[in-house]
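Trainee: Just dropping this structure here.
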Amino acid sequence: MEPKEKSDFIRDIINDDLKTNKFNGRVHTRFPPEPNGYLHIGHAKSICLNSGLAKDYNGKFNLRFDDTNPEKEEQEYVDSIVDDVRWLGGNFEDRILFASDYFGQMYQWAVELINKGKAFVCDLTADQVRESRGTLTEPGKESPYRNRSVEENLDLLDRMRKGEYPDGSKTLRAKIDMASPNFNLRDPIMYRIVHAGHHRQGNQWCIYPTYDWAHGLEDSIEGITHSICTLEFENHRPLYDWFLDALGIYHPQQIEFARLNVSYTVLSKRKLLRLVQEKHVSGWDDPRMPTIVGYRRRGYTSEAIRNFCDMIGVARRDSVIDVALLEYSIREDLNTHAQRAMAVLHPIKIVITNYPEGKSEELDAVNNPENESAGTRKIPFGREIYIEQDDFREVPPPKYYRLSPGTEVRLRYAYIIKCEKVMQDEKGNVVELHCTYDPETRSGLPNANRKVKSTIHWVSARHAVDAEVRLYDRLFVKENPDDVEEGKDFLSNMNPASLQVLTRCKLESMLASSKPGDRFQFERLGYFAADIKEHSASRLVFNRIVTLKDAWTKIELKGQKK
């Protein structure tokens with residue numbers, strides 16, 4: 001079997017395994033999320049890696065929920081994870097699997113380890129267990145309950161299973177080595193008592209397996225070949241191996257890779273939950289959140305996220321990826337696929353005084369210059385138009401080539417206009433511009449190629465549609481949000497300008513028929529998506545996905561009236 005062109009240390013391991021026929025020529029991976037929250041961009045890397053390996057090697061990919069903690073897991077999270085993995089292109093076919101479906105088999109294996117003298121029921125509290133583990137330089141102390149007989153351990157485990165003991169009163173621990181330099185091998189806990197209903201199993205169980213006990217068993221049951229985890233599980237691999245070897249069952253290979261860290265972003269579930277619960281954001285799908293549902297609502301494409309994951313690759317060491325690389329991936333994808341449109345977010349009206357009253361015409365506009373097959377569209381033009389406030393300065397600064405009194409600019413796809421008069425209100429604010437146009441400068445006419453120094457976008461006032469536009473920016477102002485002063489936390493680095501809501505926007509008329517999720521490039525402004533929750537025919541709502549690479553910089557002038 002010939003692998004694809006991608007190359008990294010994980011694929012090197014798989015290639016060697018295929019050469020030696022280690023797993024009978026199979027490649028079978030899995031993504032094992034705990035359904036206790038929404039997925040984020042870090043999970044996307046794991047999804048793309050595991051599903052991508054299965055695809056590249058004509059193997060299989062499982063979506064398996066590690067639902068071993070009933071107190072934090074909900075069906076809502078299960079549903080969202082299934083949806084997100086599908087959206088990202090993870091092809092698990094009909095293999096939506098749950099650790100909880102294996103609880104019976106896990107319990108039988110626990111009984112087997114007791115019978116082999118390799119597991120025991122312990123009465124120490126969680127604090128006592130912690131205290132007995134020892135230090136980096138001192139071995140741990142064996143539990144006084146470590147040498148209970150097989151019969152007593154089996155009886156106690158059975159009574160734990162039947163619910164006779166309160167939470168925290170007993171645990172089942174593996175009997176390994178309290179002097180091991182690896183703390184994970186110092187008689188780790190396999191089962192704890194939790195009297196809580198399970199989102200799938202109901203009240204059938206009141207003892208639940210720990211992740212370390214369950215992880216390898218789940219992989220073994222499913223026939224996983226390469227169990228790919230992030231680096232924090234590297235020290236857990238000896239325990240993964242010990243459980244499988246102690247039971248003598250099918251043994252997958254655990255491989256660790258560096259998790260994804262992104263600048264200006266937090267990916268801790270605890271911190272993301274805090275942002276939601278304390279209402280610093282509107283919810284898990286707030287477009288500023290690094291969750292998959294947040295990115296989807298903002299308008300990110302699954303193709304762009306997959307490309308991003310391919311670009312960063314997989315490594316053995318943790319590092320921080322610049323969020324600008326993710327934004328680059330989004331632009332690269334949308335640049336090819338997003339239809340162009342014109343929108344004015346901060347409108348100022350222009351009256352073209354020498355354009356006939358009551359007249360309107362339709363002009364040709366290119367839908368996407370990067371994609372000839374996208375064709376053209378008609379845009380209406382008339383005597384009154386809107387332009388951006390930033391495209392006019394009453395007193396222009398040096399090298400300002402846009403509109404100002406007495407100067408000319410070209411209107412995109414239309415005519416050259418000249419500012420003749422500035423209309424102000426009683427406070428001196430500019431409220432309207434009177435201009436003239438050169439009727440010979442439209443495309444196809446004699447002076448169509450007459451040169452001016454600037455081209456600006458516009459919309460016809462008569463035909464424009466009203467919209468709300470939300471300008472999203474990075475949620476944090478520091479590259480490392482956890483870089484804080486003493487006594488403060490990551491919330492002190494939140495960006496107060498991460499969301500700006502504009503309600504007076506004027507958009508090209510064709511955007512009136514846009515549907516939730518449609519994406520556009522608003523020329524000169526950035527890429528925008530119709531909000532998937534609030535956008536409708538009666539209320540147009542657009543989210544800024546990302547700015548243009550060469551986004552127009554605002555010119556701030558002290559004392560300048562607009």
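Trainee: Taking segment 218-232 as the region of interest, how many residues are over 19 Å from residue 113 (Cα atoms) and open to solvent by 50 Å² or more (accessible area, probe 1.4 Å)?
Mentor: The total comes to 1.
Trainee: Residues 168, 163: which one is in contact with a Ser or Thr (Cβ under 7 Å, 6 or more places away or on another chain), within 29 Å of residue 77 (Cβ to Cβ) and not in a helix (DSSP H, G or I)?
Mentor: 168
Trainee: Could you please find all residues in segment 234-263 being open to solvent by 40 Å² or more (accessible area, probe 1.4 Å), more than 22 Å from residue 118 (Cβ to Cβ) and either of a type in the set (Gly, Ala, Ser) or assigned to a helix (DSSP H, G or I) (or both)?
Mentor: Answer for segment 234-263, where residues must be open to solvent by 40 Å² or more (accessible area, probe 1.4 Å), more than 22 Å from residue 118 (Cβ to Cβ) and either of a type in the set (Gly, Ala, Ser) or assigned to a helix (DSSP H, G or I) (or both): just 234.
Trainee: Sticking with this one: Test residue 57 against the criterion of being aromatic (Phe, Trp, Tyr), open to solvent by 10 Å² or more (accessible area, probe 1.4 Å) and on the phi < 0 side of the Ramachandran plot, and give yes or no.
Mentor: no
Trainee: Quick one: residue 219 ticks every box in (1) touching a residue at least 60 places away in the same chain (Cβ under 8 Å); (2) part of a loop (DSSP other than H, G, I, E, B) bar one, so which box is it?
Mentor: It is condition (2) that residue 219 fails.
Trainee: For segment 427-439, give me each residue that is part of a loop (DSSP other than H, G, I, E, B), under 28 Å from residue 399 (Cβ atoms) and open to solvent by 60 Å² or more (accessible area, probe 1.4 Å).
Mentor: 429
Trainee: Residues that are assigned to a helix (DSSP H, G or I) and open to solvent by less than 40 Å² (accessible area, probe 1.4 Å): does segment 176-189 have at least one?
Mentor: The answer is yes, given that some residue of segment 176-189 is assigned to a helix (DSSP H, G or I) and open to solvent by less than 40 Å² (accessible area, probe 1.4 Å).
A quick yes/no check of all residues on (1) at pLDDT below 95; (2) in a helix (DSSP H, G or I); (3) among the hydrophobic types (A, V, I, L, M, F, W, C); (4) open to solvent by less than 60 Å² (accessible area, probe 1.4 Å):
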{"position": "326", "(1), (2), (3), (4)": "no, yes, yes, yes"}
{"position": "331", "(1), (2), (3), (4)": "no, yes, no, yes"}
{"position": "334", "(1), (2), (3), (4)": "no, yes, yes, yes"}
{"position": "350", "(1), (2), (3), (4)": "no, no, yes, yes"}
{"position": "361", "(1), (2), (3), (4)": "no, no, no, yes"}
{"position": "368", "(1), (2), (3), (4)": "no, no, no, yes"}
{"position": "378", "(1), (2), (3), (4)": "no, no, no, no"}
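Trainee: Same structure, new question: Are any residues in segment 371-395 of a type in the set (D, E, K, R) and farther than 28 Å from residue 406 by Cβ, and if so, which ones?
Mentor: 372, 377, 378
Trainee: Another question, if that's okay. Given the criterion open to solvent by 70 Å² or more (accessible area, probe 1.4 Å), outside any loop (DSSP other than H, G, I, E, B) and over 30 Å from residue 62 (Cα atoms), identify the matching residue among 108, 128.
Mentor: Result: 128 is the single residue among 108, 128 that is open to solvent by 70 Å² or more (accessible area, probe 1.4 Å), outside any loop (DSSP other than H, G, I, E, B) and over 30 Å from residue 62 (Cα atoms).
To keep it simple, each residue is scored yes or no on (1) more than 43 Å from the chain's Cα centre (by Cα); (2) among the aromatic types (Phe, Trp, Tyr); (3) at pLDDT below 95.
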| residue | (1), (2), (3) |
| --- | --- |
| 112 | no, no, no |
| 117 | yes, no, no |
| 132 | no, no, no |
| 140 | no, no, no |
| 145 | yes, yes, no |
| 151 | yes, no, no |
| 154 | yes, no, no |
| 165 | no, yes, no |
| 171 | no, no, no |
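Trainee: So, in segment 266-287, exactly how many residues are touching a Phe, Trp or Tyr at 6+ places or on another chain (Cβ under 7 Å) and in contact (Cβ under 8 Å) with a residue 60 or more places away in the chain?
Mentor: Number of matching residues: 4.
Trainee: Please specify each residue of segment 496-519 satisfying the condition of being touching a Phe, Trp or Tyr at 6+ places or on another chain (Cβ under 8 Å), over 18 Å from residue 365 (Cα atoms) and outside any strand (DSSP E or B).
Mentor: Answer for segment 496-519, where residues must be touching a Phe, Trp or Tyr at 6+ places or on another chain (Cβ under 8 Å), over 18 Å from residue 365 (Cα atoms) and outside any strand (DSSP E or B): just 498.
Trainee: Another question, if that's okay. Given the condition surrounded by 15 or more Cβ atoms within 10 Å (Cβ to Cβ), over 36 Å from the mean Cα position of the chain (by Cα) and of a type in the set (A, V, I, L, M, F, W, C), answer yes or no: does some residue in segment 190-201 qualify?
Mentor: Scanning segment 190-201 turns up no residue that is surrounded by 15 or more Cβ atoms within 10 Å (Cβ to Cβ), over 36 Å from the mean Cα position of the chain (by Cα) and of a type in the set (A, V, I, L, M, F, W, C).
Trainee: Scan segment 274-314 for residues that are assigned to a loop (DSSP other than H, G, I, E, B) and closer than 17 Å to residue 51 by Cα and report the count.
Mentor: Adding up the residues that qualify gives 2.
Trainee: Look through 171, 210, 225 and report the one residue that is over 30 Å from residue 23 (Cα atoms) and of a type in the set (S, T, N, Q).
Mentor: 171
Trainee: Hey, another quick one. Answer with yes or no whether residue 462 is farther than 30 Å from residue 497 by Cα, at pLDDT 95 or above, of a type in the set (D, E, K, R) and in a loop (DSSP other than H, G, I, E, B).
Mentor: Here the answer is yes, as residue 462 does meet what is asked.
Trainee: When you go through 353, 376, 336 one by one, which is the residue that is in contact (Cβ under 8 Å) with a residue 12 or more places away in the chain, in contact with a Cys (Cβ under 8 Å, 6 or more places away or on another chain), over 14 Å from residue 462 (Cβ atoms) and among the hydroxyl-bearing types (Ser, Thr, Tyr)?
Mentor: Answer to the selection: 353.
Trainee: Among the residues of segment 465-512 satisfying the criterion of being among the basic types (Lys, Arg) and under 20 Å from the mean Cα position of the chain (by Cα), which is least open to solvent (accessible area, probe 1.4 Å)?
Mentor: This residue is 470.
Trainee: Can you tell me which residue in segment 264-275 is surrounded by the most Cβ atoms within 10 Å (Cβ to Cβ), limited to those that are of a type in the set (A, V, I, L, M, F, W, C) and touching a strand residue (DSSP E or B) at 6+ places or on another chain (Cβ under 9 Å)?
Mentor: The residue in question is 266.
Trainee: Name the single residue that is nearest to residue 230 (Cα to Cα) among those in segment 18-44 being assigned to a helix (DSSP H, G or I) and open to solvent by 20 Å² or more (accessible area, probe 1.4 Å).
Mentor: The extreme case among them is 43.
The values are calculated or read from the model by the stated rules, or taken from the named source; none is laboratory data. These numbers come from a predicted model, not from an experiment. Ideal geometry is used to build each Cβ from the backbone, glycine not excepted, and the neighbour counts take in all protein chains shown. Only protein heavy atoms, including side chains, enter the accessible area calculation; ligands, DNA and RNA are left aside. Shrake-Rupley method; radii C 1.70, N 1.55, O 1.52, S 1.80 Å.
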